[in-house]
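The structure's right below; bear with me while I get my questions together.
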């Protein structure tokens, strides 16, 4: 189930990025975009939180943060800097400002480090929601080190951890067929309602700047809201996203399917798909009014990108970039809590 959810969620991320150039002039594309963004990043973050460990981090966990998150961030940020330089921009290697989708790596590292401390508190989910809403009221918190999104989307990470604490997966798998389909019917109704609401009030959503709220990347004042109740909009969108996230997980097929193995390749898809979509984003090829068939064609194209980047051959080629082991950077022997090396019995390092 979880691998199915991972791959479908990351595919929706690719689709959302792929159709972005179309939303300016096409209300249908904008409706699809808002529908996807109403839950897809929330799903991705929630699943990450579900599998996060809330115990005290050991040496292995800290090493995983470095090899799975920190090192890939530095590698891909450097690559994007070189690409911009080749295209004529000034060479400025700035690791404090994440390029495009790399904000997620910074946020994921922070969430993993913070979670063990946050869950020591009595109401970690409510506290994370308060942090998210409160962060939107200050303009001093900006996109430096992806801080706006890190704080803004923290509740979804904690929400994923909470779902695991409640052991909902086991309870869900124990349900009979009839009960399962009742829940799925409710989830489908919820998704259908969202699909109807988005296009029905599309001009209203444009006027309200709903898209900018869904990105969690700006303060309320930067979006154009300086009223004291501005945080209620974020709270409402957050609760809707959580409800749609649960609905998304409910409709996921339980068994193995042709795409189930692709669920282990989500980081490859996330980091590599932007290079494929970059020309569409920068060239203006999809800007302005487009024929009706462009939207479905772009969706199919994005799904194809997700499938190709999931293949073992692609993962084998790009593994040094996406999953760098970097053994040469680590100590050959473990260290103690004081930072001193643990020597073998003979007193010599091998």
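The values are calculated or read from the model by the stated rules, or taken from the named source; none is laboratory data. Please read all numbers here as calculations on a predicted model, not as lab measurements. Positions of Cβ are backbone-derived with ideal geometry, glycine not excepted, and every protein chain shown enters the neighbour counts.
Picking from 319, 325, which residue would you name as being at pLDDT 80 or above and either loosely packed, with under 10 Cβ neighbours inside 10 Å or assigned to a helix (DSSP H, G or I) (or both)?
Testing whether each residue is at pLDDT 80 or above and either loosely packed, with under 10 Cβ neighbours inside 10 Å or assigned to a helix (DSSP H, G or I) (or both) leaves just 319.
What about residue 44, is it buried (at least 17 other Cβ atoms within 10 Å of the Cβ), part of a helix (DSSP H, G or I) and modelled with pLDDT of 95 or more? Walk me through how you get there before you give the answer.
On the way: buried (at least 17 other Cβ atoms within 10 Å of the Cβ): yes; part of a helix (DSSP H, G or I): yes; modelled with pLDDT of 95 or more: no.
Answer is no for this residue.
Further, regarding this structure: What's the number of the condition residue 228 fails, among (1) touching a helix residue (DSSP H, G or I) at 6+ places or on another chain (Cβ under 6 Å); (2) not in a helix (DSSP H, G or I)?
(1)
Quick one: is residue 288 without any contact (Cβ under 8 Å) to a residue 12 or more places away in the chain, farther than 30 Å from residue 78 by Cα and exposed (fewer than 13 other Cβ atoms within 10 Å of the Cβ)?
The answer is no for residue 288.
The rows are residues; the columns are (1) touching a helix residue (DSSP H, G or I) at 6+ places or on another chain (Cβ under 7 Å); (2) touching a residue at least 12 places away in the same chain (Cβ under 8 Å); (3) surrounded by 15 or more Cβ atoms within 10 Å (Cβ to Cβ); (4) farther than 26 Å from residue 317 by Cβ.
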residue	(1), (2), (3), (4)
248	yes, yes, yes, yes
259	yes, yes, yes, no
264	yes, yes, no, no
268	yes, yes, yes, no
276	yes, yes, yes, no
296	no, no, no, yes
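Which residues, counting only those in the stretch 78-101, are assigned to a helix (DSSP H, G or I), in contact with a helix residue (DSSP H, G or I) (Cβ under 6 Å, 6 or more places away or on another chain) and on the phi < 0 side of the Ramachandran plot?
Answer for the stretch 78-101, where residues must be assigned to a helix (DSSP H, G or I), in contact with a helix residue (DSSP H, G or I) (Cβ under 6 Å, 6 or more places away or on another chain) and on the phi < 0 side of the Ramachandran plot: just 101.
May I pose another question? Could you tell me which of the residues 119, 114, 110 is over 26 Å from residue 220 (Cα atoms), out of contact with any strand residue (DSSP E or B) (no Cβ under 6 Å at 6 or more places or on another chain) and surrounded by 15 or more Cβ atoms within 10 Å (Cβ to Cβ)?
Exactly one of 119, 114, 110 is over 26 Å from residue 220 (Cα atoms), out of contact with any strand residue (DSSP E or B) (no Cβ under 6 Å at 6 or more places or on another chain) and surrounded by 15 or more Cβ atoms within 10 Å (Cβ to Cβ), namely 119.
Yes/no matrix, rows are residues, columns are (1) touching a strand residue (DSSP E or B) at 6+ places or on another chain (Cβ under 9 Å); (2) free of Cβ contacts under 8 Å to residues at least 12 places away in the same chain; (3) within 30 Å of residue 330 (Cα to Cα); (4) surrounded by fewer than 17 Cβ atoms within 10 Å (Cβ to Cβ):
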| position | (1), (2), (3), (4) |
| --- | --- |
| 6 | no, no, no, no |
| 25 | no, no, no, yes |
| 30 | no, no, no, no |
| 33 | no, no, no, no |
| 50 | no, no, yes, no |
| 58 | no, yes, yes, yes |
| 64 | no, yes, yes, yes |
| 72 | no, no, yes, no |
| 77 | no, no, yes, no |
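Which condition number does residue 159 fail, the rest of (1) over 17 Å from residue 247 (Cα atoms); (2) part of a helix (DSSP H, G or I); (3) within 23 Å of the chain's Cα centre (by Cα) being met?
It is condition (1) that residue 159 fails.
Right, here's the next one. Any chance the stretch 165-183 includes a residue that's under 28 Å from residue 17 (Cβ atoms) and surrounded by 15 or more Cβ atoms within 10 Å (Cβ to Cβ)?
no
Then there's this: Go through (1) at negative phi; (2) over 17 Å from the mean Cα position of the chain (by Cα) for residue 107 and report which single condition fails.
Unmet for residue 107, out of (1) at negative phi; (2) over 17 Å from the mean Cα position of the chain (by Cα): (2).
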